[in-house]
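*Asks:* Here you go, one structure.
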Amino acid sequence: MNIHSITKSATSHLSGIRNRLFDLIPNTTVNTPEKFNKMGVVLSRPDVNRLIMGATALLTQPLIDYYNPNVDEDTAKTSTCRTIGKIVAGTAVGCGVRSLCFYTTKLLTSGGENGPAWRKWLLPSNAIVRYLNKRHGGWLKKYNNTISTLLGLVAMLFTNVALDVPLTNKISKALMDFMHIKQEPAEPNPTNTNNNPVRKEEHKPYDVKEKFRDIFLNDGNFANGRRESV
């Protein structure tokens, strides 16, 4: 069978599917393109991107946990509550941090050439600004989005521990209380069946040379420097 003919046939089928999907898109005329341009600017902001990701996760992940057939009902509900708490906390903190970084970056890059020095802290040198203004008219918006995203990622290294974790625990606990899910307290000191604290096995140090002596010299199968048949 010719591989080239199979590839050509598969490509033609995929092309036909793409054409059918494209035909399903309604043909409309845009009378106000500036609205779509503004929408694109808003959707490209890092805080809005984080909100879209959080909303998508909130619509899908809890349903997957709740209808998990491999666990019992209480475990599925507990997992659902924790997933919702993690998504809501992460989205709220992420949007807040990214929004703060975005507006801070916008404020510190709006000075221009003749503006105050503190409003040009995050701008490159005047020569680079003049070059970019000449060659790339809309560079400042992309520059602000990039800088604010980088600042947000650095800030999230600290806020994930300081804000995300405690907020996730509070939201998860509130949801579990609302759904009347029994929460088993964690045992700080695990015990055995005799109600005695479990002790870790103590490993006594031993000399490596003596260990090899026991294996190769004191073993009956290695007596007198030769291996005896078993």
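Only the coordinates and a few stated rules stand behind these numbers; no lab work does. Keep in mind that what you see is a predicted model, and the values were worked out from it rather than measured. Glycine gets a Cβ as well: all are built from the backbone with ideal geometry, and neighbour counts include every protein chain shown.
*Asks:* Just to confirm the filter: which chymotrypsin sites (Phe, Trp or Tyr not before Pro) across the stretch 107-180 are DSSP coil and have at most 14 other Cβ within 10 angstrom of their Cβ? Don't skip to the answer; put the middle values down first.
*Replies:* Details: sites: W118, W121, Y131, W139, Y143, F158, F178; in loops: W121.
Listed in order of number, the matching sites are W121.
*Asks:* Using Cα pairs closer than 8 Å and at least 6 residues apart in sequence, work out the relative contact order for the stretch 71-188, in percent.
*Replies:* Values: 82 pairs, mean separation 51.4, N = 118.
For the stretch 71-188, the relative contact order is 44 percent.
*Asks:* Over the stretch 42-178, consider all pairs of different Cα atoms and compute the Kirkwood hydrodynamic radius from their mean reciprocal separation; express it in Å, one decimal. Before the final figure, lay out the partial values.
*Replies:* Numbers: mean 1/r = 0.0579 Å⁻¹.
After inverting the mean inverse Cα-Cα distance, the result is 17.3 Å.
*Asks:* Provide the net charge surrounding C95, with neighbours chosen by a C-beta distance below 9 Å and charges set as Lys +1, Arg +1, Asp -1, Glu -1. Walk me through the intermediate numbers first.
*Replies:* Values: positive: R50, R98; negative: D47.
With Lys, Arg at +1 and Asp, Glu at -1, the net is +1.
*Asks:* Counting Lys +1, Arg +1, Asp -1, Glu -1, what net charge surrounds I52 among other residues with beta carbon under 15 Å of its beta carbon? Could the numbers behind the result be given before it?
*Replies:* Working: positive: R45, R50, R98; negative: D47.
Counting the neighbours of I52, the net charge comes to +2.
*Asks:* Would you mind counting up the charge near T159? Only other residues with Cβ under 13 Å from its Cβ, with Lys and Arg at +1 and Asp and Glu at -1.
*Replies:* Working: positive: R50, R98; negative: D164.
So the surrounding residues net to +1.
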